[in-house]
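Right, one structure below, let's go through it.
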């Protein structure tokens, strides 16, 4: 029998294997890692350069726009020439009213056209009616293209209908006064003669001194009353006193002042019945 050598067995088993402790790191792995790091750094540098270029381009565009704006701005100086603006003319429209015609402007009442005048408004030449309001002692202007806001004076038939409205019973709603006041104000500002007559009728208190009337009620009544009075005066061709009497008669106001009672004189006995003292 051959003797078994442990050395030979160990050599055969561990043949071709190196001691794990003696294994060193391979050089190619280090090189690969270094290459990857270099590539990443290069990419970051390229991205940074691109971003810088973009920012510079943006700044250039903003600067150029600012420079353009500064160039377009007019420089104040003696050499600067004044800009000539072309005035646009308003579209022609037929005039419905003539000079010396009376018209009703809803916000101010009855006015008389005194002249036609051209005015420059915002670079546009506008033709207007010049109105004179005798009551307010003021003048107003209404463009010809807005003459729909004006209305002619009422006819005699409309006046008669207004008088019948004034004679009728008032129609007072049971709503709050603030709401009714707004409705009355809207009727007055509409400029319609029937609406004015309704406001005068509803707010009329007649000669009843016992009825309390607030300041706002009295103010609205007087406003509507004066508007309708001035229009009636021109239509009927009467004086202010006569037209006022006609209105007050329809409203049953100041009847005592219009029809004063006849003063009764003491009855005197005839001469035959007089008893003379005896001497």
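A few comments on the model shown:
- Sorting the segments 103-111, 133-141, 156-164 by their mean number of nearby beta carbons within 10 angstrom, highest to lowest, gives 103-111, 156-164, 133-141.
- In terms of overall dimensions, the C-alpha atoms belonging to the stretch 89-152 reach 33, 21, 19 Å along their principal axes, ordered largest to smallest.
Computed from the coordinates by the stated procedures, all read-outs in this text should not be read as laboratory data. Owing to the predicted nature of the structure, the values given are computational and were not obtained by experimental measurement. Virtual Cβ from ideal backbone geometry, glycine too; neighbours counted across all protein chains shown.
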